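The values are calculated or read from the model by the stated rules, or taken from the named source; none is laboratory data. Not measured: the values here are computed from a predicted model. In case anyone asks, the SASA skips ligands and DNA or RNA and just uses the protein heavy atoms, side chains included. Shrake-Rupley method; radii C 1.70, N 1.55, O 1.52, S 1.80 Å.
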Amino acid sequence: MSTFNQNKFKEGILWCLFFLATFFVGYYHGSSPETQLSYHYIPVKTIDLLTFDAQSLSRGFIDYIEKETHSKINIVQKNNYELYRTELIINKNIAIALVPENFVQPFQKDNRIKNLELLKTEIEKQNHFDFMPQVLDGKIYSLPILWFINVFKNLNPKNTKPKTFEIIGDVQLINIKKFHPKWNFNEKAKIIFRQISELSDQNTSSSDFAEMTLQQAEINQINYQLDPDWSTLKVYSFVIPNNTPDKELSFRFLQMILNDPKAKRLFYNPNYGFTWKSLNGIDFNIFNSPESLRNINLNNFNPSYTSFNEKLWKN
C-alpha cells in the first residue's frame, strides 16, 4: 500500500472514531438530559436545619449533604421548647429538625411534624432496637440518632452550697430551679449554660459544680457521678416539619443518615452515643455504641426520655 493510501486509510479510521464518539455523546445527552442538565441549571435549594447546637453538626457533614442534594443548608439554633415550637410555626423554610425525643409527642399532637412511615423499615434495619421511635397514633414521627446520659463532676466535694454551676445548655429547661432543687440553687447562684461541645476539664475548672455527658467524661477520663435523681437518658431525633419547603429533600436527608456510610462517618461526634447498630470505618468507643446502655445499671438513672413535663419546659 502506498504512503498516500495509508494516510487516507488512517484519516478514514479517525473520522469514523470521531463520528462514533459524537454519536454516543449526543445519544447520552438526548436519552438522559435530566442527568446532564438538572444539576447545572436547576437553582440550588436553600433550606434551614433547626438544631439545639450548631457545633454538633460538623462542617464536613453539612458540606457533604449540600453536595449530594444540590442544596444550601442554613443552621438555625434554638435552645428551649417554646423557641423550637415557635420556629416550626413561623419559619416555612425548615426542611429538617434535630429535637429532643420528648418534644416529639407534643409536636405530633400539635400537628407540627410529618409521620415517617415511609422510612419505618429502614429505621428498623439500621437502628438498634433500644432506640426505636415512639409510636404515636399508630405511626412513627422521629428518627432517634443521638443519645447521652448526663453525669456530674463535683469539683469541690466539701462545698455543700456551690455558687457556680456549669449546666448543659443545649436545650434549656425554663424552670430549671424546680428541676434541680437538691443543687441548692439560690438567688445568688451563678448558672452558666454551655453547649456540650464546650464542656471540658479546662472550661469547668473554676466552677463548684459541672454537668457533662457520660461520653465526654469517659473519653476525657474525668471523674464523675451518676446521680440517682438527676442523671437521665437523653435522646435527640430528626423530624420533618409539616411545612417543609421540600418534602423529597427532607426524606432524602434522613435516608442518607440511615444508609450512606460517608454521611454517617461525617455525622459521628464522640461527645454523644449513637443509635445505629454499626458504623463501618469507625470503632465506637464503648460508651458511644448503643449496646453500652445495657452495661450501665439502669437503676442509676431515669430512662424516661420520651416524657414531656409541660411545667418544666413552658412558662
* Asked: Exactly one of (1) among the small types (Gly, Ala, Ser); (2) open to solvent by 50 Å² or more (accessible area, probe 1.4 Å); (3) at pLDDT 65 or above is unmet by residue 205. Its number?
  -> (3)
* Asked: If you take the residues of region 142-158 that are open to solvent by 40 Å² or more (accessible area, probe 1.4 Å) and not basic (Lys, Arg), which of them is modelled with the highest pLDDT?
  -> 154
